[in-house]
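One structure is given below, encoded as C-alpha cells.
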Amino acid sequence: MTDTTTAPPPGAPGDRIIDEPLSEALSRRYLAYALSVITDRALPDVRDGLKPVQRRVLYAMREMRLNPDAAARKCAKVVGEVMGGYHPHGDQSIYDTLVRMAQDFAQRYPLVDGQGNFGNIDGDNPAAMRYTEAKLTEAATLLLDGIDEDAVDFKATYDGQDTEPVVLPTGFPNLLANGATGIAVGMATSIPPHNAAELTDACLALLANPDATTAELMAHVKGPDFPTGGVIVEPAHSLLETYETGRGGVRLRAQWFKEETGRGTYQIVVTQIPYQVKKADLVEQLAELIEAKRVPLLGDVRDESAEDVRLVLEPKSRNVEPEVLMESLFKLSDLENRFSVNLNVLDARGTPGVMGLKAVLQSFLDHRREVLVRRARHRLGKIEARLHILDGLLIAYLNLDEVIRIVRYEDEPKARLIEAFDLSEIQAEAILNTRLRQLARLEEMELRREHAELAEERDGILGMLANDKAQWKLVGEGLKHTLKTIGAETTLGKRRSVFADAPEVDAEAAIEAMIVREPITVILSDRGWIRAAKGRVDDPSELKFKEGDKLSFLVPAETTDKLLIFASDGRFFTLACDKLPSARGHGEPLRLMIDLDDRVGLVDVFVHRPGGKRILASKEGYGFILPEDEAIAFRRAGKQVLNAGAKGALVSLPLGAADQLAVIGDNGKILIFPTAELPEMPRGKGVKLQAYREGGLRDATAFNADEGASWIDPAGRTHGWPEWRDWLGKRAGAGKLAPRGFPASKRFRPKG
C-alpha cells in the first residue's frame, strides 16, 4: 500500500500563512495605517480646505439636490446617503461632521444650513439626526460650482459602484476661511478661520504681483477672524512670523465693556468669548476661581445670555479698576486663550507639509486656474459638438429639396444622407430628427445666428487657453464675483474679531493693594505643618505642636508678602502669605500646597524682598548669587533654580551688604573670599567654592569686611573673629583649619 500525501486545497488556512520578520510586518502595516490617517482623515487638502468626510457630505447633499432654494431634508437621510455611497464608517462621525459644518459658532462660513437643534456655544449636544434637517448654504454652492463640467478629477467610491470628487472646484479660499483642526499619526494641523473677503483681496493682490511678500499680503489679511469674535492681542511681528513659517499662535481675548449700574457702581459685561471656549464651562471656571479665592477682585459672575452672549462680572469693590480686574481674569481663566497655528496640509499631490500664507494662497490660485481651464475645455467640447450638428443642419437647409426626397423615397435615408452630403452619423441623425415646422426660413436664420455666436465663443475660449494672462485675469474676475456672497459689506462677510494691544496693567500689584496689610508670623514645624499667627510671636516656647513635632522655621512677615521656600532638591516654592492657614489649630501640611516629596527636606524659608539677592550653595561645594525675583513661581511644582547634585542643596544666605563669604567643609577647613568672585545667575550649578579631597560643604556665612566676622556657639553666644583675614584666599582653594574655640559642629551658627 502506497502512502500518499495530499496538498491542502486552495484557500485552506495553510495558504494564508506568511513567513516574514515580525518587525517588518508591523512597520509596513503601521506605515499603511499612518498614511491612511494622514491622507484620508486628519489633514485637509490645501485646494478646497476639506477633509474627505466633509467633501463627501457636501457632494452627497448636492446629489440629493439640497440646494439653498430647495426644501431641507432629514439629516438621517443625508447621513444614510453618505454612509451608503461614499463613507463606509460610523454614522455618528458623519453626523458630527455635518453638525459642525452647520454651527455658526464653529464655522466662520457655515456650509450646511441646519434646521433644528444643532447644539450651542454652551457645549450642549445637538438633537438626534432623526429630528434635524439640513440643506446647503450659498457658501457651499461656491465650493461646488462647476463640478459637473469636468472641473475636477473623480475616483471610484469604496465599493466601485459610483464615483466621488477628489477635490471640489472651490470658489473661495475655504482652507483659511473656515480653518481646520486634526490629529494624524506623528503630525497635526491647526488652522484658524479668516475673513474670506480679506483672503480674496490678498489673492487679487497676489495675481497683480506674484512676487508680493507675506508682509504685503498682510496688508489685506491682518490676522484670523473667528466666528465668535473676540479681541486679538497678538503683536503684529508675531503674526508676520506665523504667516511666514506656517507655525505660531494667536492670543485671543473676550470682548467686554463697562456698564454703569448707578451710585458709583458698575459691572462688566462680556459679549464675545474666545473661539472654541464653551460658555457654560467658562462660567463654571470663573465660579470655581471665586470659591477658591484666587480672584480677590471678582465678586460674582452671572450668565444672562439669550441668543447673544452676555456674561455679567461684578467686581468685589467699586474701587477696583475694570482694566485691572479683567487683566487678572485673562491670566487665570479662559477669557483669554492661545490658538495654536500649524498650517500642515496636503498639497495637490497629496503630500503633507507646512505652508505659509503665500504658499497656501498660491496653491488655491493654481487650483482655480486648473478648474477654469478644465471647465473651458469642457465647454469647448460642448461647443464643438453643437457646431458639428449645426454644420450638418445648414447643409440640409442648403439642399432642402434633395434632403426631403431622400428622406421620403430612400429605403435607408440615413446612409444615403451620409453618402450624398459627406455627413457624419451624428449629423445625419440630427437631420432626421428635425421636425417639419423647423424647416421654416426663420429657423434657418436662427441656426445661422447660433452658429455665429458659438463660433465666436469657441474662438474666445481657444484664445484664452493659449494665453496665461487671460486665464489669470478670469481667475481674478471669478474671485470678485464671489464677493457678492462673502464680501465685507455682507452680513456674513463682515469682520467679527478685532485687533488691539494688551494694556500694560500690573494686576498683581492691584490685587495686593486690595489685601489688608497686617503683621503675621509664619510658623513651620519640623514635620511640615504650616500656619500664620496674627502679630508677632515674641516667645516661641509658647507655641503648641502635634505630639512629637517641634518648631523648624519662625518667619516674621506681613499679609501682603510672598513666602519663599527653598528645598534641598534646589527648587523654590512661592506662597502668598494672605493665603496661609490661620494659627487657631496646628495649620495644614505644607506638602498639600506644593508638590514636595517626603524625601526632600527644607533648607530655608524667608520673605521675598523685591530686588534682593541670595547666595545659594550645594553640599558638593558649588554656588552662585541668585536675584530673588528669579525665584518667584506660583506653580505647585515650584521652580528649579539650583542644580544641587546628588548631595542636595545646603546654603541660602541673604547677600545684603556682605562683601565676604566664609565657607567651611566637612574636613574642618575654612576659606574666606570676596563675594564678587561669585557669578550672578538666574539658575544653574554655580562655581566651585572650596576644594575637598573628601566630604563636602558643611556651612557658610556672609559678612561685611568693615563689620568683621563672627560665629555663634551652641549656647547662643556670639564670638568675635578679629583675625579672620588670615583665612582669606582664592575661591576654590582648600582653606585652613578652623581657629581654636570654633564649634565642634563645624558650623558658623547652630543648625535650625
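Quick notes on this structure:
- Just one of the numbered conditions (1) within 29 Å of Ile147 (Cβ to Cβ); (2) assigned to a helix (DSSP H, G or I); (3) touching a residue at least 60 places away in the same chain (Cβ under 8 Å) is not true of Val324: (1).
- Some residue of segment 661-668 being farther than 27 Å from Phe553 by Cβ and at pLDDT 90 or above: yes
- When we screen Asp225, Asp211 for residues that are in contact (Cβ under 8 Å) with a residue 60 or more places away in the chain and of a type outside the set (Ser, Thr, Tyr), the only hit is Asp225.
- Helices (runs of 4 or more DSSP H) lying entirely in segment 214-311 (those with 3 or more residues that are of a type outside the set (Ser, Thr, Tyr) and either crowded, with 19+ Cβ neighbours inside 10 Å or touching a Phe, Trp or Tyr at 6+ places or on another chain (Cβ under 6 Å) (or both)): 279-291
- Condition met for Ala42 (at pLDDT 75 or above, surrounded by 10 or more Cβ atoms within 10 Å (Cβ to Cβ) and of a type outside the set (Lys, Arg)): yes
- The one condition in (1) surrounded by 24 or more Cβ atoms within 10 Å (Cβ to Cβ); (2) over 25 Å from the mean Cα position of the chain (by Cα) that Asn195 fails to fulfil: (2)
- Taking segment 81-192 and the helices (runs of 4 or more DSSP H) fully enclosed by it, the elements with 1 or more residues that are basic (Lys, Arg) and out of contact with any Ser or Thr (no Cβ under 6 Å at 6 or more places or on another chain) are at 91-102.
- Of the listed requirements (1) touching a residue at least 40 places away in the same chain (Cβ under 8 Å); (2) out of contact with any Leu (no Cβ under 6 Å at 6 or more places or on another chain); (3) outside any helix (DSSP H, G or I), Arg56 misses just one: (3).
- Beta carbons closer than 6 Å, at least 6 apart along the sequence or on distinct chains, pair a first residue in segment 614-639 that is surrounded by fewer than 19 Cβ atoms within 10 Å (Cβ to Cβ) with a second that is aromatic (Phe, Trp, Tyr) and not in a loop (DSSP other than H, G, I, E, B) for Lys639/Phe572.
- Complete set of residues in segment 63-80 that are outside any loop (DSSP other than H, G, I, E, B), surrounded by fewer than 21 Cβ atoms within 10 Å (Cβ to Cβ) and not aliphatic (A, V, I, L, M): Glu63, Arg73, Lys74, Lys77, Gly80
The values are calculated or read from the model by the stated rules, or taken from the named source; none is laboratory data. What you see is a predicted model; the values in this text were computed from it and never measured. Virtual Cβ from ideal backbone geometry, glycine too; neighbours counted across all protein chains shown.
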